[in-house]
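The values are calculated or read from the model by the stated rules, or taken from the named source; none is laboratory data. Computed from a prediction, not measured in an experiment: that's the story for all the values here. Here Cβ is always computed from backbone atoms with ideal geometry, including for glycine, and neighbour counts include all displayed protein chains. These area figures cover heavy atoms from the full protein model, side chains too; ligands, DNA and RNA do not enter into them. Shrake-Rupley method; radii C 1.70, N 1.55, O 1.52, S 1.80 Å.
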Amino acid sequence: MRVISQLQNGSICIYKREKSPYYQTRIKIGKKWIKISTGTDDLKSAEDFSLTKYQELKFKYELNIPVIS
């Protein structure tokens, strides 16, 4: 895995896995890393998706709503 893009001071890492055309994202919420497929092969779209998902997960975390179910 090679990180291609980092956002939010390293709390979001975007990368590609071997044998997959799509970007993956790792998002750090609290002390946990959450891995999600962005479902796109376009880096800009992957960054937009990752930022939106980060904001959603951070909002849930701050309200003590489980971010992983």
Segment 31-43 - phi-based ³J(HN,Hα) in whole Hz, Karplus 6.51/-1.76/1.60, Gly and Pro as x: 10, 10, 9, 10, 9, 9, 7, 7, x, 9, 9, 9, 4
Placed amide H near T38: partners under 5 Å, 5+ positions off or other chain: Y23, Q24, T25
Cα-based Rg and Dmax for the chain, where Dmax is the largest Cα-Cα distance (Å): 11.8, 37
Dipole magnitude of the chain about its Cα centre (Cβ charges: Lys, Arg +1; Asp, Glu -1), debye to nearest 20: 340
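Taking only protein heavy atoms into account and a 1.4 Å probe, give the accessible area per residue of the chain in Å². Don't jump to the answer; show the numbers that get you there.
Details: 4950 Å² over 69 residues.
For the chain, the per-residue accessible area is 72 Å².
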